[in-house]
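The values are calculated or read from the model by the stated rules, or taken from the named source; none is laboratory data. Here the structure is a predicted model, which is why all the values come from computation and not from measurement. Here the Cβ positions follow ideal geometry from the backbone for every residue, glycine too, while neighbour counts run over all protein chains shown. Please note that ligands, DNA and RNA were not included when accessible areas were found on the heavy atoms of the full protein model with its side chains. Shrake-Rupley method; radii C 1.70, N 1.55, O 1.52, S 1.80 Å.
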Amino acid sequence: QVQLVESGGGLVQAGGSLRLSCAASGRTFSSYAMGWFRQAPGKNRELVAYITTSGGNPYYARSVKGRFTISRDNAKNTVYLQMNSLNPEDTAVYYCAAKAWMVSTRPPDYDYWGQGTQVTVSS
């Protein structure tokens, strides 16, 4: 069982930055690939980025590539999402999710989800 708690969301002006954190419980965090997803009102949940168990080979959605950076600290059981050059289209609830071992782009493949944190970017 893994419990995930996101933090770091908030209101920011366009062009600004935020850093999301996702703290995981349990002793097997390093066995889980981690993903950040987002869901805007009226839209499907979409993958923003994922990172492998070891922290290598991160993947980014085209819409955030070059602006967002995913990282993890297995010693702290935490995954991060650094978001720079934010624009109003980034407004959404952001969720972290954990999947045993192998990464995936598909939300249904993830085993555990956090409660989400709201990110609002004003123009």
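Only one of (1) open to solvent by 40 Å² or more (accessible area, probe 1.4 Å); (2) modelled with pLDDT under 95; (3) hydroxyl-bearing (Ser, Thr, Tyr) fails for residue 7. Which number is that?
Here residue 7 meets the rest and fails (2).
Within the stretch 100-119, work out how many residues are at pLDDT 95 or above and in contact with a helix residue (DSSP H, G or I) (Cβ under 9 Å, 6 or more places away or on another chain).
Looking only at that region, the number is 2.
Among the residues of the stretch 45-63, count how many are under 13 Å from residue 99 (Cβ atoms) and of a type in the set (S, T, N, Q).
2
Just name the residue that is farthest from residue 13 (Cα to Cα) out of those in the stretch 84-117 that are among the β-branched types (Val, Ile, Thr) and assigned to a loop (DSSP other than H, G, I, E, B).
103
Just to check your reading of the model, which residue among 45, 67 is touching a helix residue (DSSP H, G or I) at 6+ places or on another chain (Cβ under 9 Å) and within 20 Å of residue 113 (Cβ to Cβ)?
45
Does the stretch 54-73 hold any residues that are modelled with pLDDT of 95 or more, surrounded by fewer than 19 Cβ atoms within 10 Å (Cβ to Cβ) and in a loop (DSSP other than H, G, I, E, B), and which are they?
The answer is 58, 61, 62, 63, 65, 66, 67.
Take the residues of the stretch 13-53 that are basic (Lys, Arg) and open to solvent by 30 Å² or more (accessible area, probe 1.4 Å): which is nearest to the chain's Cα centre (by Cα)?
Taking the candidates together, the pick is 19.
Looking only at the stretch 88-123, how many residues end up being closer than 26 Å to residue 17 by Cα, open to solvent by less than 30 Å² (accessible area, probe 1.4 Å) and more than 12 Å from the chain's Cα centre (by Cα)?
2
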